[in-house]
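The structure under discussion appears below in the form of structure tokens.
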Amino acid sequence: MNKQERIGKTKSEVMIMRKNSRQTPFTLRKYYGVMIIGFALFLGIMAYYSVKFKEKRELAKQEVELEKSVDAANSATQETTEATESTEDTTAASTEEAAQTMEQTVTYDGKTKLSWPVTGNVVLPYSTEATVYFETLDQYRTNPGILIEAKENDSVKAVKQAKVTEIKNTAEYGKMVCMDLGSGYTAVYGQMKDLTVKAGDTVEKGQVIGKVAAPTSYYTLEGTNLYFQMEKDKKSVDPGKYLE
């Protein structure tokens, strides 16, 4: 290859390099432009869902406050009614106590493991010594029971042989079933529906007593769950220490 050919080839390479150098910035600018637009869209989506989440939490708080007010009014009405019927209740209670004495009594040694009322993970643990975070309420508080993850309409079963002592409704835990396990131990099941038992019934271990209901406004963000609480001599105890 002579000198003139080498010079021609060099000029050709220089022109190609210049052409490539002009195209490269445009390609990079296009790439960065797409990245910036995508990032902006991502930030917009995140901001939208953040606002929606805050709105949902605020709505849940408002519902809780409203239900507290309604509960207070209902409690006042109930107290008035109970005072009026106290004489009749005393006579009925005496008769019922006499009948219960004749029925089979239930006992519990506090050592035998109890079966789980539903199958699921513990959403909120038992904690009376320290506070735990309640997501829906957006606050820290103690928890005298446990919240067990479940699906709506899941069957709820008795943890052992027991007597149904009371069925009631509260704003926080919805429909509740209270049971005497014997020897000073009691159990409370909350956030239930479609009950198959009534006060005074004796249930056997594993017997279906109702179904899991949709969560109350106190636990919308925690999801559907069953509330389960135990007491010994009217003092809360950790259910986890007694369940299998």
Subject >> Within segment 102-122, considering residues that are under 15 Å from Lys241 (Cα atoms) and β-branched (Val, Ile, Thr), the one surrounded by the fewest Cβ atoms within 10 Å (Cβ to Cβ) >> reply: Thr112
**OP:** Specify which of the listed residues (Asp233, Asp238) is acidic (Asp, Glu), surrounded by fewer than 22 Cβ atoms within 10 Å (Cβ to Cβ) and under 22 Å from the mean Cα position of the chain (by Cα).
**Re:** Asp238
**OP:** Residues being in a strand (DSSP E or B) and of a type outside the set (Ser, Thr, Tyr): count how many of those fall in segment 154-167.
**Re:** 7
Original post:
What number of residues within segment 104-153 satisfy the criterion of being assigned to a strand (DSSP E or B) and of a type in the set (Ser, Thr, Tyr)?
Top reply: 6
Subject >> Looking only at segment 123-147, and only at residues there that are touching a helix residue (DSSP H, G or I) at 6+ places or on another chain (Cβ under 9 Å) and under 23 Å from Asp180 (Cα atoms), the one that is surrounded by the most Cβ atoms within 10 Å (Cβ to Cβ) >> reply: Gly145
Subject >> Any hit, segment 80-93, residues being modelled with pLDDT under 80, of a type in the set (A, V, I, L, M, F, W, C) and exposed (fewer than 10 other Cβ atoms within 10 Å of the Cβ) >> reply: yes
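The values are calculated or read from the model by the stated rules, or taken from the named source; none is laboratory data. Since this is a predicted model, take the numbers as computed values, not measurements. FYI the Cβ positions are ideal-geometry reconstructions off the backbone, even for glycines, and counts take in every protein chain you see.
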